[in-house]
1. Against the definition (closer than 16 Å to Trp157 by Cβ and either in contact (Cβ under 8 Å) with a residue 40 or more places away in the chain or assigned by TED's automatic domain parsing to the domain that holds Gly126 (or both)), how does Val105 come out, yes or no?
2. Would you confirm whether any residue within region 30-37 is more than 16 Å from the ligand (Cβ to nearest atom) and more than 30 Å from Asp10 (Cβ to Cβ)?
3. Go through region 3-24 residue by residue and tally those that are more than 8 Å from the ligand (Cβ to nearest atom), under 58 Å from the mean Cα position of the chain (by Cα) and surrounded by 11 or more Cβ atoms within 10 Å (Cβ to Cβ).
4. Inspect region 56-68 for any residue being of a type outside the set (A, V, I, L, M), more than 17 Å from Ile121 (Cβ to Cβ) and in a strand (DSSP E or B) and give the result as yes or no.
Amino acid sequence: MKQCKHCRTDIDKKAKVCPQCGRSQSNKLVSLLIKIAIIFGIIIALIVACSKGVSDAIDEADKQKESLKVEENTVTASKDEYGFSYNIEGYIKNESDKSFSYVQVTYTAYDKDGNTLGTCIDNNSGLEANGRWKFKAMCLSEVDSIASYKLSEVTGW
Ligand SMILES: [Zn+2]
């Protein structure tokens with residue numbers, strides 16, 4: 001026999017609930033700690049699942065970006081007839097079966113000594129799955145000094 005923690009009635013040693021007052025005989029602190037541990041575990045599991053979802057989405061976006069390929073043998077560069085802009089033209093292929101809602105290409109322009117002069121850029125509002133984009137990246141500053149150029153970035157989403 002033991003005494004009920006609440007009403008002091010003598011009750012069975014194994015009783016979890018007092019038959020007299022109907023109240024629980026378990027240790028409140030222990031059960032509270034177990035509840036906290038369970039809730040904490042659920043929160044951690046949700047955070048892990050959520051951050052994995054986010055990183056999967058980022059991986060997916062990175063993978064899609066990599067499917068934009070500059071067809072290097074199509075790329076040419078020239079000054080326009082008025083010397084107003086330096087244009088780098090070529091084709092970019094979307095090698096994925098997903099379409100883009102925005103695509104952008106950037107080249108960096110250099111002078112004959114290798115100093116950076118500026119950025120040549122073109123963009124388009126979309127590129128269909130397996131589509132080909134004829135881009136024309138324009139440099140508008142220091143046009144007469146441009147001696148070389150290098151692909152900086154192809155991006156899209
Ligand atoms: Zn009781």
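The values are calculated or read from the model by the stated rules, or taken from the named source; none is laboratory data. Source: prediction; values computed, not measured. Virtual Cβ from ideal backbone geometry, glycine too; neighbours counted across all protein chains shown.
1. Values: closer than 16 Å to Trp157 by Cβ: yes; either in contact (Cβ under 8 Å) with a residue 40 or more places away in the chain or assigned by TED's automatic domain parsing to the domain that holds Gly126 (or both): yes.
The answer is yes for Val105.
2. Checked region 30-37: at least one residue is more than 16 Å from the ligand (Cβ to nearest atom) and more than 30 Å from Asp10 (Cβ to Cβ).
3. Count: 3.
4. Scanning region 56-68, I find no residue that is of a type outside the set (A, V, I, L, M), more than 17 Å from Ile121 (Cβ to Cβ) and in a strand (DSSP E or B), so the answer is no.
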